[in-house]
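Working notes, structure below.
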């Protein structure tokens, strides 16, 4: 995974860079193809904000997380959000390719006519 990292209103540090690299390298194993990730870390007033735009061949993911505690907790929560989005997308693709159209229609009884 190619990760580009930008800092806004915060000094760049090797500790933050290595933490981001470590968290998102774990997610790289879940992806089928190579991915490009653009991560922005910023501070606005008392909020620590972490954003990511992840582009893979079949999916595009955008996520944003704010934390009042510290930047590391924002990065950790962001990583969890992206992991869940990747799992959801892969499950949706798997169900679609298997012919199970539950990804389109959650309730199989929704098409039955209502009795008067």
When you scan segment 56-66, do you find a residue that is more than 9 Å from the chain's Cα centre (by Cα), more than 13 Å from residue 37 (Cβ to Cβ), assigned to a loop (DSSP other than H, G, I, E, B) and free of Cβ contacts under 8 Å to residues at least 40 places away in the same chain, even just one? yes
Quick one: which residue in 107, 53 is out of contact with any helix residue (DSSP H, G or I) (no Cβ under 8 Å at 6 or more places or on another chain), closer than 20 Å to residue 17 by Cα and either outside any helix (DSSP H, G or I) or at pLDDT 80 or above (or both)? 53
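The values are calculated or read from the model by the stated rules, or taken from the named source; none is laboratory data. None of the values given here were measured: they were computed from a predicted structure. All Cβ positions, glycine included, derive from the backbone under ideal geometry; neighbour counts span all protein chains shown.
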